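Below: the structure, in structure tokens.
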């Protein structure tokens, strides 16, 4: 039964009360909103903070840290903030610029000589600024399989070396395509210029001075793990605790663990142009550096209607930038397996909204953030929870239709004894230049796809259509089953293969489409 059928009266009361309070939402209203959101999107735990005019006016946890422990979320519960870490990496570089050790437009090869992109011109022209702006010419999430899932043995050295093998999909500096690998490189710039590891720099030069004392640059560096969430995700239709997934090699792109108490300090610092302390007498970075981080560097097209009359959107340095109801909005989201987060700042209103969740439902944080924004914008009668729920239902139904048809086709073939495929034609070792080797073998009558460098990417293969197969990953929390399309030589044997995710909801970091495997002798 739909949650809205069960709670329709409650939902109407919440929407009505928001509409009547046009100058900001109350804590009691946030409580009602978040509790509804927990149920609607099946999220075990959420933490929400609101800062206004330099003060924390709401900071509270809801639900549980883990379905296993059932312990409550509070304002000090640690979450992986994922790509909200990127703003810290950009700010770290800004601090080094303030010290005269660097400029935004220094060439990366002057700092990391072994850095090499897909062609010599791009390599020679690539700047520190380019590392942060998602305009490299590489495709969405290109190369993320070198750290995602974290069951791999790729080193920082490997990632920097393998960048040269990733092919461009657009012209250099012409198009926005979100990436993580270049933020990993940016973290290495911080290390080489400062003489400290990225993690040490973030903790000692940034977190400790502004009082983010409960936070750490990665989960492995969290000293007290008693108040940390577990990640959750739907597995075969039921939300469960899943494995914590992150590779320390990618910390500069998304490794930080923090809580809403500490992130409120970060939000206030940001809206004070890098100043902090009593009467903002201390400074983490200069106003000039801050303005550069909040200046659009890469255009993101705005098409179609938006809930906040948005006309322009772009990416700065570690932040998304847009206009919302005539105000400047500075924001970022973050997503790990089983954890998603959002930080939204409206500096002209001195308003910051922080929402952390321990289930990979971006709809949940969007519904909460947008409802709180509505209360300050004076938007009446909007129902962001229902809007997001309807969108989720539509998207999930579309994905289920696509995947369901694929598996129904496979099931039908398995019943048809005349449709047997000689799988020995496809066994062997296949190599991609940056991802390495994959072994396809027959074990106990099953055809197994096994990455040699990322052990979680192991699964059984099933014939689908022609020379296209499906690989079904053994770890069902990955939610990333994929097509495997073989190239055949003149004798009908496989000579190579390409891959593509089946579901449109597969996380973009499973960048199977960038792999080009060649059969090895």
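Read the figures in this text as sums done on the coordinates, not as results from a lab. Since this is a predicted model, take the numbers as computed values, not measurements. All Cβ positions, glycine included, derive from the backbone under ideal geometry; neighbour counts span all protein chains shown.
Indicate the gyration tensor shape class of segment 155-215 (rounded, prolate or oblate), computed on the Cα atoms with a ≥ b ≥ c the square roots of the eigenvalues: a/c under 1.5 is rounded; otherwise a/b larger than b/c is prolate and the rest oblate. Write down the numbers at each step before the final one.
On the way: a/c = 3.12, a/b = 1.98, b/c = 1.57.
Prolate shape, in that a/c is at least 1.5 and a/b is the bigger ratio.
Along Cα→Cβ, 7 Å out, is where each label goes; now give me the distance between the ones at residue 235 and residue 312 in nm to one decimal.
Using points 7 Å along Cα→Cβ, the separation is 4.7 nm.
What order do you get for 135-145, 327-337 when each peptide is scored by the mean count of other beta carbon atoms within 10 Å, highest first? Provide the component values of the computation, followed by the final result.
On the way: 135-145: 22.5, 327-337: 20.2.
Going from most to least packed, we get 135-145, 327-337.
Using only alpha carbon pairs under 8 Å that are at least six residues apart, calculate the relative contact order of the chain and give it in whole percent.
Rounded, it is 18 percent for the chain.
For residue 223 and residue 153, what does the FRET efficiency come to when R0 = 41 Å and r is the distance between their Cβ atoms, rounded to the nearest 0.05? Numbers along the way, then the final one.
Details: r = 27 Å, r/R0 = 0.65.
It comes out at approximately 0.95.
Working from Cα positions, state the angle (0 to 90°, nearest 10) between the long axis of helix 181-194 and the longest principal axis of the chain.
60 degrees
Given a cut-off of 17 Å, what percent of all Cα-Cα pairs of segment 12-144 lie beyond it? List each step's numbers first, then the result.
Numbers: 6464 of 8778 pairs.
Beyond 17 Å sits 74 percent of the P(r) for segment 12-144.
Relative contact order (percent) for segment 257-362, with alpha-carbon contacts under 8 angstrom and 6 or more residues of separation? Walk me through the intermediate numbers first.
Working: 178 pairs, mean separation 19.0, N = 106.
The normalised contact order for segment 257-362 reaches 18 percent.
Hey, what's the per residue convex hull volume over the C-alpha atoms of segment 403-519, in cubic angstrom? Don't skip to the answer; put the middle values down first.
Numbers: hull volume 12.6 nm³, N = 117.
Looking at segment 403-519, the number lands at 107 Å³ per residue.
Using a 7 Å offset from the Cα along the Cα-to-Cβ direction at both residue 280 and residue 423, what is the distance between the two label points in nm, to one decimal?
Between residue 280 and residue 423, the label points sit 6.4 nm apart.
Output the relative contact order of segment 229-289, whole-number percent, from Cα pairs under 8 angstrom with separation of 6+ residues.
Contact order relative to length: 15 percent.
Quick one: helix 260-271 against the long Cα principal axis of the chain, what's the angle to the nearest 10°, folded into 0 to 90?
For helix 260-271, the angle is close to 70 degrees.
In what sequence do 107, 415, 400 fall when counting other Cβ within 10 Å, fewest first? Present the calculation step by step, with values, prior to reporting the outcome.
Working: 107 16, 415 7, 400 12.
Listing 107, 415, 400 from fewest to most nearby Cβ atoms yields 415, 400, 107.
Calculated FRET efficiency, residue 443 and residue 395, Cβ-Cβ r, R0 60 Å, to nearest 0.05?
Values: r = 36 Å, r/R0 = 0.60.
Plugging the Cβ-Cβ distance into 1/(1 + (r/R0)^6) gives 0.95.
Dividing the Cα convex hull volume of segment 282-366 by residue count, how many Å³ per residue is that? Don't skip to the answer; put the middle values down first.
Details: hull volume 10.7 nm³, N = 85.
Output value, Cα hull per residue: 126 Å³.
Run the helix sum for the chain: -39,500 (n - 2.57) per DSSP H stretch of 4+ residues, divided by residue count, reported at 222 nm to the nearest 500 deg cm²/dmol.
After summing the helix terms and dividing by the residues of the chain, the value is -8500 deg cm²/dmol.
Determine how many Å³ per residue the convex hull of the Cα atoms of segment 213-343 encloses. Spell out each step's value before the answer.
Numbers: hull volume 21.9 nm³, N = 131.
Roughly 167 Å³ of hull volume per residue.
Enter the angle in degrees (range 0 to 90, nearest 10) between the Cα long axis of helix 384-415 and the first principal axis of the Cα atoms of the chain, meaning the one along which they spread out most.
For helix 384-415, the angle is close to 10 degrees.
When the Cα centres of segment 382-420 and segment 428-479 are compared, how far apart do they sit, in Å?
22 Å
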